[in-house]
1. Of a type in the set (Val, Ile, Thr) and in contact with a Leu (Cβ under 7 Å, 6 or more places away or on another chain): which single residue out of 438, 458, 381 fits that description?
2. For the range 115-138, which residues satisfy the criterion of being within 23 Å of the chain's Cα centre (by Cα) and more than 20 Å from residue 323 (Cα to Cα)?
3. So, restricting to strands (runs of 3 or more DSSP E) that lie completely within the range 183-263, which ones have at least 3 residues that are under 23 Å from residue 290 (Cβ atoms) and either assigned by TED's automatic domain parsing to the domain that holds residue 157 or of a type in the set (D, E, K, R) (or both)?
4. What number of residues within the range 145-161 are closer than 16 Å to residue 386 by Cβ and open to solvent by less than 50 Å² (accessible area, probe 1.4 Å)?
5. Is it fair to say residue 388 is in a loop (DSSP other than H, G, I, E, B), surrounded by 20 or more Cβ atoms within 10 Å (Cβ to Cβ) and either out of contact with any His (no Cβ under 6 Å at 6 or more places or on another chain) or not charged (D, E, K, R) (or both)?
6. Taking residue 222 as the residue in question, decide whether it is under 22 Å from the mean Cα position of the chain (by Cα), among the hydroxyl-bearing types (Ser, Thr, Tyr) and farther than 14 Å from residue 161 by Cα.
7. Limited to the range 394-424, what total is found for residues that are within 23 Å of the chain's Cα centre (by Cα) and within 24 Å of residue 329 (Cβ to Cβ)?
8. Does residue 297 fit the bill of being open to solvent by less than 50 Å² (accessible area, probe 1.4 Å) and modelled with pLDDT under 95?
Amino acid sequence: MAEVLDNDTLARDKPSTEKDISDELDLKIQKYLRGEGGNLEVLTDKKLKGQLSVREELYSKSAKVAAKADKWLVPSEGGYLEAEGIEKTWRIKQEAIAKEVDILSSRNQYDIVLPELGPYALQFTSSGRYMALGGRKGHLGIVDLMNMNLIKEFQVRETVRDVTFLHNELFFAAAQKKYTYIYDRHGTELHCLKEHGPVLRLQFLKNHFLLASINKFGQLHYQDVTTGAMVGNFRTGLGRTDVMQVNPFNGVVALGHSGGTVTMWKPTSSAPLVKMLCHHGPVSALAFHSNGHLMATAGKDKKIKLWDLRKYEVFQTLHGHANTLDFSQKGLLAYGTGSSIQVLGDLSGSQNYSRYMTHSMVKGYQISKLMFRPYEDVLGIGHSMGWSSILIPGSGEPNFDTWVANPFETSKQRREKEVRSLLDKLPPETIMLDPSKIGTVKPAQKEKKPKKEREADIDAAVEAAKDIKMKKKTKGRSKPSKKVKKMKEAIEKVKRPFLEEKMKEEAISRKKRKISEEVSLPKSLKRFAGKKLAI
């Protein structure tokens, strides 16, 4: 009997699996709910009460769906370094982290020394599995980081300034001494892009299949890699620059210039969409957050500024110099100068970045490029003596979507993804500062009335003003001269809106005429366009 009681006690004490799952789902539902629901019983308007109840029900359903997706489709959770007591996370060294992580993660700490071929530029694929390398002395290579295998390396025997992958790991572009070249993963030269000239920086817009480049003459080029057509070729007019970055949210290319300005471009506009003064000195580095609303800039004035692009305002200024900047998928910001690296984090979520981790390279190493590896807590470092990799806990997204980026994809899946992405390719016209405007209805413009109709409206308004009867006032205030004066004032008041509208239209037409005259004149004569000869 005692044995049976003990078994019953164990069965009663052991929680059921279904109960655990339901409790966990309830916690996740609270995470996605928009606070407590409103008390609708106090409302007397039945129509409003019904509308709000339907909306509250919709919110609860969406929270349940999001909680289920979080439970079953997002199994891994990201973490950060946590210090105990008076310890600081930025004092924790890579050696201490290596002792605590698993064997696979510890393989991501390495230092490849090739002093005769650096400094190195590096680029990861969107899945984070492959890395392209470009040494300034002509060394190019592709590495499979999952198996730590060197797929291909070769020497082009000329200067290499930058490298970038195209839509997948099969093709990559290299900015060499005179021209830009496209290679496949076996090192075979496929194309020589002479139109780009001596390129300093390369970026690839994966949703639009556009290769963007800036050369040493300050020319910005956009080339469609599917058709080979040159979509855009613009002179920035702000001199040479090697600071270039693509906003992942809207596909806008940002350039940092020697005058301290940052300009933002799209391939269908010969003028910059935005031109903002960010620093009182040359811009040395630039980076965008993955949400597209946050931009970090670094200048030679020894300041690092964080900008809110929704208002184009600075919300935080940090003192320090940076040659390179990069945001991780989870929002950590890394910057490097000389042989030291600082990683900043907004762990509180209040847009207040503070020091999270630090790392010092061997004395004499000059850092040229920092880049976080997607879906891994890894920071890749290109420097003057080769390239390195360190662990930054909490930097990578812990869960990947195989429809977006799959590190384990097969060759068949890669082919299907390539076909699907080509079918979903966006035209260059869709690149804009606010892509949410795509699909909205354009507000209807007011149709301009013909001249006769406007004159008739003015006459009708004047007649109506004349028909207004004046009040009879005493003590000489109803003299005929005073009545005539008041009548004139009433007529002028009625005419004023029509005259203002006419003046606005004339100003717009003058502006258009002036622009057309400037376009028609040759460049050498444009400075005389606004001058009149004195006889």
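1. Numbers: 438 fails: in contact with a Leu (Cβ under 7 Å, 6 or more places away or on another chain); 458 fails: in contact with a Leu (Cβ under 7 Å, 6 or more places away or on another chain).
The unique qualifying residue is 381.
2. Initial filter on the range 115-138 (within 23 Å of the chain's Cα centre (by Cα)): 121-132.
Within the range 115-138, 125, 126, 127, 128, 129, 130, 131, 132 qualify.
3. Values: elements: 189-193, 199-205, 210-215, 219-224, 230-235, 243-246, 253-256.
Result: 199-205, 210-215, 243-246, 253-256.
4. Taking the range 145-161 first, the residues closer than 16 Å to residue 386 by Cβ are 145, 148, 150, 153, 155, 160.
If we keep only those that are open to solvent by less than 50 Å² (accessible area, probe 1.4 Å) as well, we get 145, 160.
Going through the range 145-161 one residue at a time, the tally reaches 2.
5. On the way: in a loop (DSSP other than H, G, I, E, B): no; surrounded by 20 or more Cβ atoms within 10 Å (Cβ to Cβ): yes; either out of contact with any His (no Cβ under 6 Å at 6 or more places or on another chain) or not charged (D, E, K, R) (or both): yes.
In short, no.
6. Working: under 22 Å from the mean Cα position of the chain (by Cα): yes; among the hydroxyl-bearing types (Ser, Thr, Tyr): yes; farther than 14 Å from residue 161 by Cα: yes.
Criteria met by residue 222.
7. To start, the set of residues in the range 394-424 that are within 23 Å of the chain's Cα centre (by Cα) comprises 394-406, 421-422, 424.
Imposing the further condition that a residue be within 24 Å of residue 329 (Cβ to Cβ) reduces the set to 394-406, 421, 424.
Of the residues in the range 394-424, 15 are within 23 Å of the chain's Cα centre (by Cα) and within 24 Å of residue 329 (Cβ to Cβ).
8. Details: open to solvent by less than 50 Å² (accessible area, probe 1.4 Å): yes; modelled with pLDDT under 95: no.
Against the criterion (open to solvent by less than 50 Å² (accessible area, probe 1.4 Å) and modelled with pLDDT under 95), residue 297 does not qualify.
The values are calculated or read from the model by the stated rules, or taken from the named source; none is laboratory data. Source: prediction; values computed, not measured. FYI the Cβ positions are ideal-geometry reconstructions off the backbone, even for glycines, and counts take in every protein chain you see. Ligands, DNA and RNA are excluded from the accessible area calculation, which covers all protein heavy atoms including side chains. Shrake-Rupley method; radii C 1.70, N 1.55, O 1.52, S 1.80 Å.
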